[in-house]
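Throughout, read-outs are computed from the coordinates displayed, never taken from laboratory work. Source: prediction; values computed, not measured. Glycine gets a Cβ as well: all are built from the backbone with ideal geometry, and neighbour counts include every protein chain shown.
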Amino acid sequence: MERFTVEQDEALQLLTSLQHLPFDSCWKLQSLPAGLHRLTSLKTLEIEFCQSIRVLHKDGLPDSLQQLRIYSCPSVRALPKGRLPTSLKLLEVSDGSEDLTRQCRNLIGTIPIVKLD
């Protein structure tokens with residue numbers, strides 16, 4: 001699967017109590033669901049070993065998000081511009097692109113915990 005269909009994206013938005021959402025080893029997935037920012041209870045988002053994801057959605061991340069972990073996703077070049085939630089307490093990036101690591105390094109001091117590897 002390269003991307004979510006409209007039906008899949010709409011179904012995901014019905015999970016109003018969802019607090020933890022992992023994307024693990026989705027080798028062909030090119031983008032996260034467009035309606036991700038509408039998951040109002042989401043606290044933790046993990047994106048691991050998703051080689052084809054290039055960007056996080058332009059509409060940003062849920063305002064409720066407290067932890068964002070991105071592991072071994074070398075194609076992700078940047079976080080959503082100006083759309084990181086103020087609730088974010090932990091940003092962890094490992095084996096990411098140089099651009100993403102640089103952007104995250106600039107966020108040290110604005111997010112309580114930033115872990116880069």
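Estimate the FRET efficiency between residue 110 and residue 38 by the formula 1/(1 + (r/R0)^6), using the beta-carbon distance for r and 22 Å for R0, to the nearest 0.05.
0.35
Just to verify a number: FRET efficiency for residue 103 and residue 8, C-beta to C-beta distance, R0 = 22 Å, to 0.05? List each step's numbers first, then the result.
Details: r = 29 Å, r/R0 = 1.31.
It comes to 0.15.
Taking 44, 101, 86 in turn, the Gaussian network model of the chain (Cα-Cα springs below 10 Å) assigns the largest fluctuation to 86. With charges set only on the Cβ (+1 for Lys and Arg, -1 for Asp and Glu), what does the dipole of the chain come to about its Cα centre, in debye to the nearest 20? About 380 debye. For the pair residue 15 and residue 48, a Förster radius of 22 Å applied to the C-beta separation gives a FRET efficiency near 0.65, rounded to the nearest 0.05.
Take every Cα pair under 8 Å whose residues are at least 6 apart in sequence, average their separation, divide by the length of the chain, and the relative contact order is 19 percent. Simple spin-label estimate for residue 81 and residue 25 gives 3.6 nm between the two label positions (7 Å along the Cα-to-Cβ direction from each Cα).
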